[in-house]
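Here's the structure, in structure tokens; my notes come after.
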Amino acid sequence: MPTNQFTTEELQRYARHFVLPDFGKQGQGRLKQAKVLVIGAGGLGSPVLLYLAAAGVGYIGIVDDDVVSTSNLQRQVLYGVEDIDCLKVEIAKHKLLALNPNLNIQSYPTRLNLDNVMSILEPYDIVVDSTDNFPTRYLVNDACVISGKINIYGSIFRYEGQVSVFNYPHPDGTRGPNYRDLFPQPPAPDTVPNCAEGGVLGVLPGIIGSMQANEVIKIAVGKGEPLVGRLFLFDAFNFITRILKFANTTSTRITELSAIEDYCEIPAPLIKEISVAELRQWKEQKIDFQLIDVREPYEYAQHHLGGTLLPLGTLTEHIHQINKDRKVVVHCKSGARSTQAIQRLQNEFGFTNLYGLKGGILAWENTFGQEDL
């Protein structure tokens, strides 16, 4: 890109790129013209977005339907206390433009689904998967394969992270491996705990997200060797890195989107439930029951209903603390983890006296307010 296509401010801003061998003004021009969609503006999305904006990627899309919460601040470096309860995509857009006003940023305050994914991906050349759940991850992968988009993958859990580049176009017209070449089908929903249950080291998404941003920049500029057919593994706790090679192995060509939720969502179990109004009535009438809270300790410390804390991830280690001779109410934040807990206790340990609290502690707060917590 000629010098006159950069403003004076841009010439100063990107000066360290201009002097890089094999980068220069041509590479910066390619970044300025690049169109990158970042799906997920959380732990991984925060460093990805910050470094892409700082580097001068000209067109950035941000997809996320979530709001900022206090527990995000330990790792989602785009946000501060003042942003709590605000939409992540709007806060991210505001802060990225404050960092680099030369950008075009489109925000999508929505959750990707079968109906909107193809239209949202359509204007972009590179997609960054910064999601934290399997249904969206498979949906993004399949949509990228069908639409011919490059997919920059990253994931984190506890102390470990992964990075790879999927569906990369080769000079001969073929495409590199995709996510299904590594993991053809999603895992069973109750076999992989989420970050709320298993935790994540706060600095880890910064490391993995920066690596994703690095892959985007290399591909956009057309320099370096992308992580195609290679899965980078990082153990932050022991500082161990590995690279696993893999090839196209999927026997079925991806030609249409499917409802991944069918694989990943927990089927509706046969469990008994009570409402928060019924629970309050039980308390007032002094009905004999046990209350179990399967959230994490940090959640319990913020507010609780006075139940016994038995986090879902360690539930089976404390079976002896759960009463089989009287009613037991199990609750979590919204009802998902308590449903898993009850299903596990019923199927594996024969409990028949369990009740789930419909809507969890959020329903209690929405109904009675925080003063009753």
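A few comments on the model shown:
- Unmet requirement for residue 111, which otherwise passes all of (1) at pLDDT 95 or above; (2) more than 24 Å from residue 54 (Cβ to Cβ); (3) touching an Asp or Glu at 6+ places or on another chain (Cβ under 6 Å): (1)
- Test for residue 163: is it hydrophobic (A, V, I, L, M, F, W, C) and in contact with a strand residue (DSSP E or B) (Cβ under 9 Å, 6 or more places away or on another chain): yes
- Consider the stretch 302-327 and keep the residues that are hydrophobic (A, V, I, L, M, F, W, C) and in a helix (DSSP H, G or I). The one that is nearest to the chain's Cα centre (by Cα) is 312.
- The stretch 81-192 holds helices (runs of 4 or more DSSP H) entirely within its bounds, and those carrying 1 or more residues that are within 17 Å of residue 65 (Cβ to Cβ) map to 88-99, 117-121, 134-147.
- Restricting the first member to the stretch 203-226 and to residues that are touching a residue at least 12 places away in the same chain (Cβ under 8 Å) and in the same structural domain as residue 153 (by TED's automatic domain parsing), and the second to residues that are among the charged types (D, E, K, R) and assigned to a helix (DSSP H, G or I), the beta-carbon pairs closer than 6 Å and six or more apart or on different chains are 220/30; 221/30; 226/215; 226/218.
- A single entry from 278, 273, 299 fulfils the requirement of being assigned to a strand (DSSP E or B), surrounded by 14 or more Cβ atoms within 10 Å (Cβ to Cβ), modelled with pLDDT under 95 and not small (Gly, Ala, Ser): 273.
- Qualifying residue in the stretch 244-260 (condition: farther than 24 Å from residue 343 by Cβ, surrounded by 14 or more Cβ atoms within 10 Å (Cβ to Cβ), of a type in the set (Ser, Thr, Tyr) and at pLDDT 95 or above): no
- Residue 131 meets the conditions (1) at pLDDT 95 or above; (2) touching a Gly at 6+ places or on another chain (Cβ under 6 Å) in every case but one. The failed one is (1).
- Test for residue 121: is it closer than 18 Å to residue 58 by Cα, in contact (Cβ under 8 Å) with a residue 40 or more places away in the chain and more than 20 Å from the chain's Cα centre (by Cα): no
- Every listed requirement among (1) crowded, with 21+ Cβ neighbours inside 10 Å; (2) not in a helix (DSSP H, G or I) is met by residue 77 save one, (1).
The values are calculated or read from the model by the stated rules, or taken from the named source; none is laboratory data. Here the structure is a predicted model, which is why all the values come from computation and not from measurement. Reconstructed Cβ throughout: ideal geometry from the backbone, glycine too, with neighbour counts over all protein chains shown.
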